[in-house]
Structure formats: C-alpha cells, structure tokens
C-alpha cells in the first residue's frame, strides 16, 4: 500500500515490508458532519462523570471518543492535562472495558455511582467493537474519530476523517503491522479505491491501435470495385 499523507502515523513503518502501489491510501484529514452517532451526553464532556478523574490530580481531564477503524468503532477514554502553556495535551488513552475500570474504580460508595457506571457500561457495549461499515464507505475512509459534543442541541456532530491514530495510542488495539494490513485490505477489499482505473477504449480506437483503417480493411485499403 502506498500512503500519501502530510503526517506520519505509527503504522507507517510497516511500509518497509513492501509497497503495493496498486493500493493507494490518500490520508487527507478533513471534518464532516454526521447524524450516525447517537452519543448524546456520553461524549459531551460536560457531565460530572465525564469530567471526573480517578487520579489525585484535579487537572486531569477525561473525555470520551469513538474511533472508527476499518469497518468497526472502538470506544476510547482520552485523558488530557494542561501543559505549561495552558494547552490540553493527551497523556493517556484507554479502550473498552479498560476505560470503564480506569474512570470508576474509585469513589464507588457514592449513592449515584451505580447509575453512572451502568450508563457508561451501556455506552461502551453499544459502540465498542461494533460493525459500522456504511459510514466508512459513504465517506471513503478506513479511519475516523467522533468529536465530543459541544452543544447538546446540535443535530449533527463533527467527525474527523483520516486522523493520526498515534495521538490516541491506537497501537493498544492494533499493533503497527496489523494496523497497516487491516487498512490495506479494507481499502482494496471494501472501499475499492486506490487501484488503477480501467480505461474504456472505443471500437474505433481499438481498430486504429492494431493498424487497421476504421473504414476499410488494413489489407485492402482501397474500396472494392463493383462489376460493370
């Protein structure tokens, strides 16, 4: 697979095993609007159970995302912390049930904690390792991630197409070689893009290609004479 991109991702190193130039991945990042993901408050970011941290440092922020990879979606818990410049930087990422345990392993005796835990578990069960092929095909991409909602009344949600998976430590789900192979097979087998296009040639052009005159025979270029 030949990757055309302005950035490097963690699976790019696997290109060294060989490049099949008939399969091309144009990794152009863009944002689209979608109604396909009913994430509501679970990824909103303003809920008390999303903003809480299980660490003793209140500056650590928890935020949910949905990562789309080769036909399936995966739930990710992204933990960020402000750097010296006040910008949020990703410090760690967790997926699936590991994410659930990471956030709610403390303060379990609080009276409302069971309901919160249940809601989040249902959200993970719904979206983690879920088949979602139609969105990939409609947007012609093997990779995307769903942004957190900033406005709960919004009808559409932002989805980033072709992001850098290394930022979300996606190697915890697929190692470098496996990720490369999955993307290559998904592009060639499902999306059907990147392979050379077949050029349709008219019958007239085919005749010319083999040295024949489109009107008269190559061996008898003169028109036949009629008997008098």
Looking for whichever is surrounded by fewer than 19 Cβ atoms within 10 Å (Cβ to Cβ), modelled with pLDDT under 80 and in contact with a strand residue (DSSP E or B) (Cβ under 8 Å, 6 or more places away or on another chain) here; the options are 38, 34, 53. Which one fits? 53
For the range 82-101, indicate whether the set of residues that are assigned to a loop (DSSP other than H, G, I, E, B) and modelled with pLDDT under 65 is non-empty. no
Tell me which residues, restricted to the range 1-21, are under 15 Å from residue 188 (Cβ atoms), without any contact (Cβ under 8 Å) to a residue 60 or more places away in the chain and part of a loop (DSSP other than H, G, I, E, B). 18, 19, 21
List pairs: first in the range 157-172 and farther than 15 Å from residue 31 by Cβ, second part of a helix (DSSP H, G or I), Cβ under 6 Å, 6+ apart or cross-chain? 166/10; 171/10
Which one is farthest from the chain's Cα centre (by Cα), of the residues in the range 4-30 that are surrounded by 18 or more Cβ atoms within 10 Å (Cβ to Cβ) and farther than 15 Å from residue 140 by Cα? 14
Go through the residues of the range 149-156 one by one and say whether even a single one is modelled with pLDDT of 65 or more, part of a helix (DSSP H, G or I), closer than 18 Å to residue 68 by Cα and touching a helix residue (DSSP H, G or I) at 6+ places or on another chain (Cβ under 8 Å). no
Checking the condition at pLDDT below 65 and in a helix (DSSP H, G or I), which residue from 167, 205, 200 passes? 205
Looking at the range 102-132, which of the residues that are in a loop (DSSP other than H, G, I, E, B) and modelled with pLDDT under 80 is surrounded by the most Cβ atoms within 10 Å (Cβ to Cβ)? 106
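The values are calculated or read from the model by the stated rules, or taken from the named source; none is laboratory data. Values in this document were obtained by computation on a predicted structure and should not be read as measured data. A quick note on method: Cβ atoms are made from the backbone with ideal geometry, for glycine too, and the neighbour counts reach across all protein chains shown.
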